[in-house]
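Q: One structure is given below, represented as structure tokens, and several questions about it will come after.
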Amino acid sequence: MAFGVPAIAMLVAVFFFWAGKSKYRKIPAPTYDSNRMIIFATAFLSLVVSYIYFDKMQHAGMGPVLGAWLVIVIALAFIFKKQWFAKPGNFIGINLYALTNGGFKAAASEYGEETIDGIKAVWRVLSVFAFIPVFWALWDQSQSEWVVQASKMNLNWLGIEWKAEQISFVNAAFILLFIPLFSYGIFPAINKMGIKVTPLRKIGAGFVLTALSFVIVAIIQGWIDAGETPNISWQILAFVVLTAGEVLISITGLEYAYTQAPPSMKSTIMACWLITVTLGNVLVSVIQTNISNGGFFAQFHGAGFFWLFTGICAATAVLFILVSPLIKEKSYINR
């Protein structure tokens, strides 16, 4: 059942994907570049070799692996710089050109105004994405730390005795409920009140809600440290707030990545979006490792652990609200 149900759901998704294929905007694939494919294949193989040597043979961990891979990639970039940075150029190459030749104005004469406009669009979006890892650092804990917390709670809800791992299903349920609710109910209502709903304002509100969800779980953890057994409905309330934050940040972020990037940079932007998830997990990993080694963050245990991330997210929300009005938006959806 555990594997069969997702398999059936995937088949249903494939059917709907196929049924809507006539409505998709089809863009021809770019010309195959054998030089760059050879470079990237070499870089990938170097990662595999360094992984086998440092991590498996020398037991040095992933740090030396990634360090060795980075050195090799940089070396390849300089060895094959004509292929990597040739016109029309890529994101890294054009930025390096601008950096060493007097800025984007000089780069525009070399690569064209439209290309440089795309590069600037990437930087505008990255200025937003710089905040997103904090959201993922908190959200991913709903599938880990929140489960541990749920195991210490009264799991009787709606007359059913649930398992701790099952509670997170409410996230998916609330997502399906909140997407139409926000799109056709809350957002239009706010607009009618004279408050313009913009992607950046959605993201800012999402950070506030995400922080509030951790306030709830921190309070719950305080009750547990005090020897009480609170009902799981309290954590479900936290899921309601967290899911609302997810709708405002995750879904809006994907939309923002697509609409704010020109066609030539959409793949770059989507790659950057996926990196935010990685960085969020890295942040949690660093803090958890520091705690296990008795470092600075070891003082944040029990409810304090959740209060720590509440503070991090609250600070991020304040900083984002202050910075976001300075970020210019430019939609490329009709281009």
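Q: Which whole DSSP H helices in the chain pass both tests: a Cα extent of 27 Å or more along the axis and a mean Kyte-Doolittle value no lower than -0.5? Walk me through the numbers before you get to the answer.
A: Details: long enough: 199-225 (39 Å, 1.37); 266-292 (40 Å, 1.17); 303-323 (30 Å, 2.22).
Span-like helices, by this rule, are 199-225, 266-292, 303-323.
Q: Determine which lysines satisfy two conditions relative to LYS163: a Cα distance under 20 Å, and not lying fewer than 8 residues away in the same chain.
A: The reachable lysines, counting only those whose Cα sits under 20 Å from LYS163, are LYS152.
Q: Taking springs between alpha-carbon atoms closer than 10 angstrom, which of ALA315, ALA13, ALA98 fluctuates most in the Gaussian network model of the chain?
A: ALA13
Q: What distance in nm lies between label points placed 7 Å from Cα along the C-beta direction at SER183 and ALA19?
A: 1.5
Q: Which far-off residues, 5 or more places away or on another chain, put their amide H under 5 Å from the one on GLN260, with H placed in the peptide plane?
A: Counting only residues 5 or more places away or on other chains, the set is TYR332.
Q: Now for a different question. Strictly over 21 Å apart at the Cα level, which of LYS202/LYS328; LYS196/LYS330; LYS196/LYS328; LYS192/LYS328; LYS23/LYS328 would you flag in this model? Before the final figure, lay out the partial values.
A: Numbers: LYS202/LYS328 15 Å; LYS196/LYS330 16 Å; LYS196/LYS328 15 Å; LYS192/LYS328 24 Å; LYS23/LYS328 31 Å.
In this structure, LYS192/LYS328; LYS23/LYS328 exceed 21 Å between Cα atoms.
Q: What is the distance in Å between the Cα centroid of the range 88-133 and that of the range 164-219?
A: Cα centres, the range 88-133 to the range 164-219: 33 Å.
Q: Output the peptides 191-200, 258-267, 305-314 sorted from most to least packed, where packing is the average of other Cβ atoms within 10 Å over each peptide's residues.
A: Highest to lowest by the protection proxy: 305-314, 258-267, 191-200.
Q: Quick one: compute the contact order of the range 192-335, relative version, from alpha carbon pairs under 8 angstrom and 6+ residues apart, as a percent. If you can, show how the numbers build up before the last one.
A: Details: 125 pairs, mean separation 55.1, N = 144.
Across the range 192-335, relative contact order equals 38 percent.
Q: Let me ask you something else. Quick one: which residues, 5+ away or cross-chain, put their amide H under 5 Å from the amide H of TRP157? H built at 1.01 Å from N.
A: TRP162
Q: Quick one, which of (1) 21.3; (2) 20.5; (3) 23.3 is the actual Kirkwood radius over Cα pairs in Å calculated for this model?
A: Calculated Kirkwood radius over Cα pairs in Å: the matching label is (3).
Q: Add -39500 (n - 2.57) for each DSSP H run of 4 or more in the chain, then divide by its residues: what number comes out at 222 nm, to the nearest 500 deg cm²/dmol?
A: Calculated from helices alone, the mean residue ellipticity at 222 nm is -21000 deg cm²/dmol.
Bear in mind that the values in this text are calculations on the coordinates, not laboratory data. In this text, all values refer to a predicted model and were calculated from it rather than measured experimentally. Please note: Cβ atoms are built from the backbone with ideal geometry, for glycine as well, and neighbour counts cover all protein chains shown.
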